[in-house]
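What follows draws every value from the coordinates through simple rules; no lab data is involved. All of these numbers come straight from a predicted model, not from anything done at the bench. Positions of Cβ are backbone-derived with ideal geometry, glycine not excepted, and every protein chain shown enters the neighbour counts.
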Amino acid sequence: MKKLLLILPLLLALVLAACAPPAAPAPAAPAAGGEEAAQPAEEEVFKVGLLSPGSVNDEGWNSIAYHAMLRIQDELGAEMSYVELEQDPASFEKAFRDYASQGYDMILGHGFEFQDAALTVAPEYPDTYFFISSSRVFENNVIGLNTDSSQPFYLMGVIAAMMAPEGAGFVGGMEIPPISEALTGFINGAHSVNPDYPVASTFIGNFTDAAAAKEAALSMIAQGARFVVPDADVAGLGVFQAVAESGPDVYTFGAFGDFTDKAPDNILGNYLADYGQGIVNIAKAVKEGTFEPTGNIEFGLANPDVMWIEFNPNKPLPEDVMAAVEAAKQAIIAGEVNTLAE
Amino acid sequence: MSDSRSDILALAEERKALSVEAPASGLRRRWQVLLWSTLGPIAAILAAFVVSGLMLLVAGFDPLFAFATLLRGAFGDLRVISEVLLQATPLMLIGVGLAVAFRSNIWNIGAEGQFYAGAVLSTIAGIYLGMLPAVVLVPLVLVLGFVGGALWGVLAGWFKVRFGASEIVTTIMLNYVAIIGTGYLVTGPMIEQAGTYPQTAKVAEAARLYRFLPPTRLHIGFLLALVFAVIVYVLLFKTSTGYAIRAAGHNQTAARYAGIDVERTVLLAMGISGGAAGLAGAIQVSGLTFRLYQQISPGYGFTGIAVALLAGNHPLGVILSALLFGALRSGSEVMQISAKIPSVLVFVVQGLVILSVVSYGVYQMKLFGRLRVAKEG
């Protein structure tokens with residue numbers, strides 16, 4: 001036992017000695033140089049930071065921002081850095097300061113919960129832009145970034161009222177602003193075609209219970225709805241199942257992804273969004289010095305690379321419907337239609 | 001490593017010999033204990049840095065630069081030092097509270113829920129009693145935080161005393177109740193006026209803790225945590241109540257036989273540890289975030305368990321171990337930001353430091369246990 005314990009540190013020392021010489025100079029140089037050697041050229045390097053409320057490898061909310069940051073690094077030659085903050089509101093202010101004090105050009109707080117901290121820190125660093133995801137804040141250099149899902153849902157409402165005059169249904173996840181705004185847009189779109197058009201809606205209270213979403217959709221269909229659309233993340237799959245089982249004369253529409261194969265005979269199209277592209281666009285504008293915000297950023301149909309609709313080629317819409325959708329889309333982009341009107 | 005081990009073994013042998021021949025060497029033993037309990041943890045931390053440095057090297061990072069940023073991020077200037085103290089504050093309070101529970105052999109895993117309970121109660125006061133002056137409101141907010149956490153803790157204690165329900169199970173379950181209940185309040189009845197985001201309104205100015213070192217965020221909550229640790233130390237080791245708590249922890253039957261009301265000590269220990277966690281919640285809201293979010297704690301209640309165990313459940317030791325955890329956490333954020341080391345590796349470094357310090361603690365217990373046995377033999 002004693003001998004073993006004597007040998008162990010020797011081994012450790014050997015490993016150390018073996019590892020150190022070849023490994024140290026190669027990777028160490030750029031890492032160490034990053035801070036010290038780059039000092040004189042610092043002004044020219046465009047620096048972006050990300051405050052992520054969870055793991056950047058979650059393949060969901062945080063990954064969207066992380067991948068956008070990687071693209072900014074590659075496409076704009078920016079220096080990128082991120083920090084995971086484990087949902088700790090008390091640590092946000094410090095993290096913003098850690099970045100801003102190092103001369104970062106833009107910092108993205110990925111979630112509305114970063115608002116307070118950014119508003120507190122931003123006045124001290126007027127040369128840094130503080131962007132906040134899913135927020136409508138706007139105060140000097142603190143700018144909210146929001147995706148307005150009510151716009152594509154407005155178009156879905158137009159399609160529903162024209163393709164399924166009997167009535168439509170909306171199955172939402174939780175009753176939070178982005179979802180309830182989508183519902184408002186859907187109703188407004190449908191009512192722009194027929195002011196008396198019946199729209200049933202329900203919120204299942206989570207984003208995971210596909211069985212509950214399916215039950216909700218089935219009962220809507222039983223009550224006469226012929227177009228049922230989900231906005232409930234993965235739980236929405238239950239809606240596609242319900243629609244697929246109810247025959248090809250019940251329609252639906254995919255949201256935030258291509259779900260055509262889940263109900264190929266029923267899905268008229270998909271609403272796709274790439275929020276990361278929106279972040280990249282803004283970073284580009286900031287880098288080029290063309291970013292002059294007059295309010296918070298609201299991504300909508302006017303940003304076709306951030307938000308767009310792909311129709312199902314196997315279920316083509318009649319020409320008059322397509323024309324109405326296109327007209328509504330142009331009116332929304334022109335600002336003539338308020339999709340969020342109460 | 002081996003040297004210290006063989007030294008220790010030799011030492012134990014020596015102790016054995018001494019104890020037979022000359023039992024009156026208490027002073028010398030004291031010195032040995034002091035030496036080993038200060039040098040040991042430092043050696044453990046160094047060992048952890050060597051091992052994690054190797055890992056960083058293998059992953060292609062410069063470990064020296066990484067550790068330099070870690071240190072700079074924790075102690076580089078006044079701002080980051082103040083952030084370490086702020087980070088340590090809730091851990092200190094929770095750790096001190098848990099030390100009391102663990103000393104009385106109550107496994108309170110519910111500090112997280114008690115933290116939420118305290119945060120909720122104090123936020124309610126901070127928002128709706130905003131017309132009170134600060135001299136009244138700040139103490140009220142803190143007391144309510146303590147009361148909220150204490151009630152949440154005593155509830156689990158009562159289940160144990162009344163029905164014999166394992167406090168490990170009930171406290172874990174009550175965590176969920178508190179966290180989900182907070183989520184309900186924040187998205188429903190207590191949502192801010194604007195109604196847009198799932199967060200409460202801000203607490204009144206008069207409910208916020210005084211920041212005594214501007215421009216840093218350091219607030220009086222940190223000082224309160226220090227005072228609290230000292231108070232609990234006195235309570236545990238210098239009063240008969242503390243003796244009862246510790247006695248019940250050692251051997252319930254014997255304690256009962258000696259006339260100690262064991263049921264009362266269970267409730268008391270749960271009340272103190274829950275109250276400490278609740279106070280931490282109140283301090284976090286009124287000192288830093290100023291409002292309640294669905295997730296107000298990144299798991300302070302669970303980290304607090306490690307903080308208490310690392311300190312050997314000694315209230316004054318908790319101060320040090322909370323500072324270590326605070327420095328690690330605060331510094332490792334800077335390690336991510338400046339040295340660009342992926343969070344996964346940062347957590348590995350953190351974990352290795354904690355692991356090695358804790359395993360030293362176990363080793364130390366064995367060592368001192370041996371010494372004690374030797375003395376008695």
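Between B:L223 and B:Y128, the FRET efficiency estimated from the beta carbon spacing at R0 = 30 angstrom works out to 0.65. Applying 1/(1 + (r/R0)^6) with r as the Cβ-Cβ distance of B:R211 and A:E166 and R0 = 45 angstrom yields a FRET efficiency of 0.10. The GNM of chain A, with springs linking C-alpha atoms under 10 angstrom apart, assigns the highest mean-square fluctuation among A:S133, A:S91, A:S150 to A:S91. Remark: spin-label model distance B:Y257-B:D77 equals 6.4 nm, labels positioned 7 Å along the Cα→Cβ axis. Shown here: region B:158-214, whose C-alpha atoms stretch 47, 34, 16 Å along the first, second and third principal axes, sorted largest to smallest. Secondary structure note: in the protein assembly as shown, about 20% of the DSSP beta bridges are antiparallel.
Convex hull volume of the Cα atoms in region A:35-136, per residue, in Å³? Mind dumping the intermediate values first?
Details: hull volume 10.7 nm³, N = 102.
It is 104 Å³ per residue.
If you stretched the chain out fully between B:R162 and B:L235, how much longer would it get, using 0.36 nm times the residue separation minus the C-alpha to C-alpha distance?
Working: separation 73, 0.36 × 73 = 26.28 nm, distance 2.58 nm.
Using 0.36 nm per residue and subtracting the Cα-Cα distance, I get 23.7 nm.
Using only alpha-carbon positions, what ratio does the radius of gyration of region B:89-322 give when scaled by 2.2 N^0.38 Å? Write down the numbers at each step before the final one.
Details: Rg = 17.5 Å, N = 234, 2.2 N^0.38 = 17.5 Å.
It is 1.00.
Here the contact order of chain A, divided by its residue count and restricted to Cα pairs under 8 Å and six or more residues apart, works out to 13 percent.
Taking the longest Cα principal axis of chain A as reference, the axis of helix A:61-76 is set at about 60 degrees.
Neighbouring Cβ atoms within 10 Å as the yardstick, rank B:L328, B:L78, A:L317 fewest first. Spell out each step's value before the answer.
On the way: B:L328 23, B:L78 11, A:L317 18.
Neighbour counts put them in this order, fewest first: B:L78, A:L317, B:L328.
Across chain B, the mean sequence separation of Cα contacts (distance under 8 Å, 6 or more residues apart), normalised by length, yields a relative contact order of 34 percent.
Potential lengthening of the chain between B:A194 and B:V50 amounts to 46.7 nm, from the contour at 0.36 nm per residue minus the alpha-carbon distance. Hydrophobic, long helices, defined as DSSP H runs whose alpha-carbon span along the helix axis is 30 Å or greater and whose mean Kyte-Doolittle value is at least 0.0, occur in chain B at B:26-58, B:78-103, B:134-163, B:262-284, B:315-338, B:343-376.
For chain A, take the longest principal axis of its alpha carbons; what is the angle in degrees between that and the long axis of helix A:25-36, to the nearest 10 within 0 to 90? Helix A:25-36 sits at roughly 80 degrees to that axis. What's the long-distance tail for region B:121-232, i.e. % of Cα pairs beyond 20 Å? Looking at region B:121-232, the distances longer than 20 Å represent 57 percent of pairs. Can you pick out the pairs among A:K214/A:K329; A:K262/A:K284; A:K94/B:K202 whose Cα atoms lie more than 25 Å from each other? Table pairs above 25 Å Cα-Cα are A:K214/A:K329; A:K262/A:K284. Taking the longest Cα principal axis of chain A as reference, the axis of helix A:210-222 is set at about 10 degrees. Computed over the protein assembly as shown, the alpha-carbon pair-distance distribution with 10 angstrom bins reads 3, 12, 19, 21, 19, 14, 7, 3, 1, 0, 0, each value a whole percent.
Based only on other Cβ atoms within 10 Å, what is the fewest-to-most ordering of B:W31, B:W107, B:W36?
Result, fewest neighbours first: B:W31, B:W107, B:W36.
For chain A, the share of DSSP beta bridges that are antiparallel, to the nearest 5, is 15%.
Okay, helix-only estimate at 222 nm for chain B: each DSSP H run of n ≥ 4 adds -39500 (n - 2.57), divide by all residues, round to 500 deg cm²/dmol; what do you get? Rounded to the nearest 500, it is -26500 deg cm²/dmol. Here the Gaussian network model covers chain B, with springs between Cα atoms less than 10 Å apart; of B:Y197, B:Y293, B:Y243, B:Y197 fluctuates the most. Neighbouring Cβ atoms from other chains, within 10 Å of the Cβ of residues in B:285-291, number 4 on average. Counting only residues at least eight positions apart within a chain, or on another chain, the aspartates and glutamates with an alpha carbon under 19 Å from that of B:K238 are B:D261.
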